[in-house]
Amino acid sequence: MSKYWTPLASSLEPYVPGEQPKDKTYIKLNTNENPYPPSPKALEAMKEAANADLRLYPDPTCEELVQAAANYYGLSPKQTFAGNGSDELLAFAFAAFFDPARPVLFPDITYSFYKVYAKLCGITPKLIPLDEQFQVPIDQFAGDHGGMILPNPNAPTAILIPLDQVRKLLEANPDRVVIIDEAYIDFGGESAVKLVPEYPNLLVIQTLSKSRSLAGLRVGLAFGSEELIDGLNRIKNSFNSYTMDRLALRGAVAALQDEAYFQETTAKVVATRDGIIASLKELGFIVTDSKANFLLISHPSYSAADLFKQLREQGILVRYFNSPRIDNYLRVTVGTDEEMAQFLKVLKRLI
Ligand code: PMP
């Protein structure tokens, strides 16, 4: 606490990000990064941008990237928005669409940043418990509320909500904004972006951090009705109109245009994931039905907290959440086949 802080700053419990160790010898399976490098075309585009106009401010409207993202999904640029990672877009969306006078609905197990933004915006979350199998009870996302946010697939459960269920949410809540956070959608889900033309209350948020291997660049995209995109622009232009830098703008466009590389690396991650799920089940682990680039796993006979520590001592970083209902689970990012083979080898020695 500080006497210089506002009551708001004093009341915050800021998010603690996953560890980014300086020691590069760890097998890093703790923050859901892609094990493959970004598209070579994106790297080339950024080199060119670095040699060109860094002296000048970037385009405040992010026009080229917004156009490329709109083209990718067959939407108009007026239905598309870009920012510094989806975390920034989530913060803008909370400020733009969630009225502090009403509770906002979250699943009770979800991306833990949401409650931090809620606090920052003075919003009270209303948590809707997942069922025994960690499925989202869609029918309970209704009633008198100020909007809702759901990651799809959910994090850290990795479980997908099928598109017909997303449609149900939108139909049941026409007067409130429904945010679908699709950080992991490319690893096996069907995107709700195709529903944007039908539902003015839908905002879909995506990131280039996971399936496009650009976590270090910070690029997020949002898709919604013109009315919602206008709302995001009101917040952005009241905060920092030059949000995205020139390197990110160029790299993101090139990454979105390299479909072949995206398909190839995503397919590799999915194949590795499906193989490791089978091996973990053979070892007696409970593994959720992951449609993401990570797994949520638990062993009935071993403590997740102990396994986390022991794996770390053996040079493998995974994520342990000391939170209710998942306190005996580990979240494990899908790495390369070689990394996962090493993970399994170490795990077999520990159990
Ligand atoms: N949403 C979810 C569900 C996430 O897990 C993450 C990554 N931790 C993000 C959003 C943020 O991703 P980024 O800011 O890198 O786009």
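The values are calculated or read from the model by the stated rules, or taken from the named source; none is laboratory data. Just so we're clear, the structure is a prediction, and the values are computed from it rather than from any experiment. Note: ideal-geometry Cβ built from the backbone for every residue, glycine included; neighbour counts use all protein chains shown.
Answer yes or no: is there a residue in region 117-133 that is touching a residue at least 12 places away in the same chain (Cβ under 8 Å), within 13 Å of the ligand (Cβ to nearest atom) and assigned to a strand (DSSP E or B).
No, region 117-133 contains no residue that is touching a residue at least 12 places away in the same chain (Cβ under 8 Å), within 13 Å of the ligand (Cβ to nearest atom) and assigned to a strand (DSSP E or B).
State which residue pairs qualify: first residue closer than 20 Å to Leu65 by Cα and assigned to a loop (DSSP other than H, G, I, E, B) and inside region 189-217, second residue within 13 Å of the ligand (Cβ to nearest atom) and β-branched (Val, Ile, Thr) in any location, beta carbons under 7 Å apart, and separation of 6 or more residues or different chains.
Every condition considered, the pairs that remain are Ser191/Ile185; Ser191/Val204; Val196/Val204; Leu208/Val219.
Go through (1) surrounded by 15 or more Cβ atoms within 10 Å (Cβ to Cβ); (2) more than 28 Å from Phe321 (Cα to Cα); (3) out of contact with any strand residue (DSSP E or B) (no Cβ under 6 Å at 6 or more places or on another chain) and name the single condition Gly74 misses.
Checking Gly74 against (1) surrounded by 15 or more Cβ atoms within 10 Å (Cβ to Cβ); (2) more than 28 Å from Phe321 (Cα to Cα); (3) out of contact with any strand residue (DSSP E or B) (no Cβ under 6 Å at 6 or more places or on another chain), the one that fails is (1).
Tally the residues that are in contact (Cβ under 8 Å) with a residue 60 or more places away in the chain and either surrounded by fewer than 20 Cβ atoms within 10 Å (Cβ to Cβ) or within 12 Å of Pro151 (Cα to Cα) (or both), restricting the search to region 97-114.
Final tally of qualifying residues: 5.
Give the residues of region 1-53 that are among the charged types (D, E, K, R) and either at pLDDT 95 or above or over 21 Å from the mean Cα position of the chain (by Cα) (or both), sorted by residue number. Explain how you work it out, then say what you get.
So the first thing to find is which residues in region 1-53 are among the charged types (D, E, K, R), and the list is 3, 13, 19, 22-24, 28, 33, 41, 44, 47-48, 53.
Lys3, Lys22, Asp23, Lys24, Lys28, Glu33, Lys41, Glu44, Lys47, Glu48, Asp53, listed by residue number.
On the basis of being more than 16 Å from the ligand (Cβ to nearest atom), β-branched (Val, Ile, Thr) and either buried (at least 20 other Cβ atoms within 10 Å of the Cβ) or without any contact (Cβ under 8 Å) to a residue 60 or more places away in the chain (or both), does Val66 make the cut?
Numbers: more than 16 Å from the ligand (Cβ to nearest atom): yes; β-branched (Val, Ile, Thr): yes; either buried (at least 20 other Cβ atoms within 10 Å of the Cβ) or without any contact (Cβ under 8 Å) to a residue 60 or more places away in the chain (or both): yes.
Judged against the criteria, Val66 is a match.
Residue by residue through region 96-115, note down the ones that are more than 16 Å from the ligand (Cβ to nearest atom) and in a helix (DSSP H, G or I).
Matches in region 96-115: Ala96, Phe97.
Kindly indicate whether Thr31 is in a loop (DSSP other than H, G, I, E, B), of a type in the set (S, T, N, Q) and under 24 Å from Ala82 (Cα atoms).
The answer is yes for Thr31.
Starting from region 308-322, take each residue that is over 17 Å from Leu344 (Cβ atoms) and modelled with pLDDT under 95 and list its partners that are of a type in the set (Phe, Trp, Tyr) and surrounded by 13 or more Cβ atoms within 10 Å (Cβ to Cβ), counting only C-beta distances under 8 angstrom and pairs at least six apart or across chains.
That search, which allows pairs on different chains as well, returns Phe321/Tyr329.
Hey, could you check region 190-208 for residues that are surrounded by 23 or more Cβ atoms within 10 Å (Cβ to Cβ) and farther than 14 Å from Ser76 by Cα and say which is nearest to the ligand (Cβ to nearest atom)?
Thr207
Would you please name the residue that is surrounded by the fewest Cβ atoms within 10 Å (Cβ to Cβ), looking only at residues in region 218-258 that are part of a helix (DSSP H, G or I) and β-branched (Val, Ile, Thr)? Give the derivation first.
Taking region 218-258 and keeping what is part of a helix (DSSP H, G or I), we get 226-239, 246-257.
Narrowing further to those that are β-branched (Val, Ile, Thr): 229, 235, 253.
Working: Ile229: 23, Ile235: 17, Val253: 23.
Looking at the filtered set, the residue picked out is Ile235.
Taking region 15-33 on its own, how many of its residues are in contact with a helix residue (DSSP H, G or I) (Cβ under 7 Å, 6 or more places away or on another chain) and within 16 Å of the ligand (Cβ to nearest atom)? Working first, answer last.
If we filter region 15-33 for residues that are in contact with a helix residue (DSSP H, G or I) (Cβ under 7 Å, 6 or more places away or on another chain), which is where we start, we get 15, 27, 29.
Cutting the leftovers down to within 16 Å of the ligand (Cβ to nearest atom) gives us 15, 29.
Residues meeting the conditions: 2.
Could you count how many residues in region 153-188 are assigned to a loop (DSSP other than H, G, I, E, B) and either in contact with a Ser or Thr (Cβ under 9 Å, 6 or more places away or on another chain) or within 15 Å of the ligand (Cβ to nearest atom) (or both)?
The total comes to 13.
What's the number of the condition Leu43 fails, among (1) within 26 Å of Thr272 (Cα to Cα); (2) among the aliphatic types (A, V, I, L, M); (3) within 16 Å of the ligand (Cβ to nearest atom)?
(3)
When region 1-28 is examined, which residues are found to be farther than 22 Å from Ser323 by Cα, outside any loop (DSSP other than H, G, I, E, B) and in contact (Cβ under 8 Å) with a residue 60 or more places away in the chain?
Those that are farther than 22 Å from Ser323 by Cα, outside any loop (DSSP other than H, G, I, E, B) and in contact (Cβ under 8 Å) with a residue 60 or more places away in the chain: Leu8, Ile27.
Name the pairs whose Cβ atoms lie under 7 Å apart, with the first residue in region 71-87 and within 11 Å of the ligand (Cβ to nearest atom), the second at pLDDT below 95, and 6 or more positions between them or separate chains?
These pairs meet every condition: Gly83/Thr243; Asn84/Thr243; Asp87/Phe113.
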